[in-house]
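As structure tokens, the structure follows; a few thoughts come after it.
The values are calculated or read from the model by the stated rules, or taken from the named source; none is laboratory data. What you see is a predicted model, and the numbers here were worked out from it, not measured in a lab. Ideal geometry is used to build each Cβ from the backbone, glycine not excepted, and the neighbour counts take in all protein chains shown. Heads up: the accessible areas ignore ligands, DNA and RNA and are worked out on the full protein's heavy atoms, side chains in. Shrake-Rupley method; radii C 1.70, N 1.55, O 1.52, S 1.80 Å.
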Amino acid sequence: MSEPQGTEGSTRRLPVMEPVMKKEPAAGTGPPPDPEPGSGPAGRFWSARRVPAGIVALLLLLVAGAFLYDVVAVRAGRSALGWRRELARQLADRPLDDTWVLVGAGVAAALGLWLLALALTPGLRKVLPMRRTRPDVRAGLHRDAAATVLRDRAMEVAGVQSARVRMRRRKARVRALSHFRELDDVRTDLDGALDDAVRGLGLARPPAVSLRVARPGRKG
């Protein structure tokens, strides 16, 4: 009868699970908390104005190139081009109250005002700004897409045969035709459905809804 072996070589020391201490980030070093919905400015989107800027740049390049070529030609010993001599003569001889001088000044002033209006206005009127839920993210919704959403919600109301929506920046005009049910009942259901749909769009400035419900016209 053999005696049992010692337990020193047959047992293993189990690993000990030590608690892991999670260090809290210092104040001001962690990510900022998400702002509440609707916080932060939500202005209109600015247009790049590529077409007007390209046209103006091209015209300035052509005019400056023509004048520069003529000046270099005169410096090289050649005579000035005929159009520049004629332009200088016309500017020297014509009085300031001449019809063509006034027309040219009016055109130049109108062009300058147009360029100033393009530079100072944001443009992109068909993109409606949405509420900003994060300070570094901006979103917009096209008017046609918003109008489609409102039209689909209007078509889900019982009694609505057809609906037409015209979306503007401040107002949404909804015209619906009802082929059964009382018009007042249809209008009440449409008011609730459209109000929910407008809130669901998430726009920074929800438009006011102008609703009109009528019967379809008689055929023939």
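Residues in the stretch 202-220 that are surrounded by 13 or more Cβ atoms within 10 Å (Cβ to Cβ) and farther than 30 Å from Gly43 by Cα: Val213 alone.
Considering only residues that are open to solvent by 90 Å² or more (accessible area, probe 1.4 Å) and out of contact with any His (no Cβ under 7 Å at 6 or more places or on another chain), look in the stretch 121-134 and name the one that is farthest from Ala147 (Cα to Cα). Looking at the filtered set, the residue picked out is Arg134. The single condition from (1) assigned to a loop (DSSP other than H, G, I, E, B); (2) in contact with a helix residue (DSSP H, G or I) (Cβ under 7 Å, 6 or more places away or on another chain); (3) touching a residue at least 40 places away in the same chain (Cβ under 8 Å) that Leu118 fails is (1). Among the residues of the stretch 135-150, the one identified as touching a Pro at 6+ places or on another chain (Cβ under 7 Å) and surrounded by 13 or more Cβ atoms within 10 Å (Cβ to Cβ) is Gly140. Just to be sure before I move on: is Arg153 in a helix (DSSP H, G or I) and either out of contact with any strand residue (DSSP E or B) (no Cβ under 7 Å at 6 or more places or on another chain) or surrounded by 13 or more Cβ atoms within 10 Å (Cβ to Cβ) (or both) in the structure I sent? Yes; evaluated as a whole, the condition is true for this residue.
Applying the condition of being surrounded by 15 or more Cβ atoms within 10 Å (Cβ to Cβ) and under 19 Å from the mean Cα position of the chain (by Cα) to the stretch 170-201 and asking which residue is nearest to Arg132 (Cα to Cα) yields Leu201. For the stretch 84-120, the candidate set comprises residues that are within 30 Å of Lys171 (Cβ to Cβ) and open to solvent by 60 Å² or more (accessible area, probe 1.4 Å); within that set, the residue that is modelled with the lowest pLDDT is Ala119.
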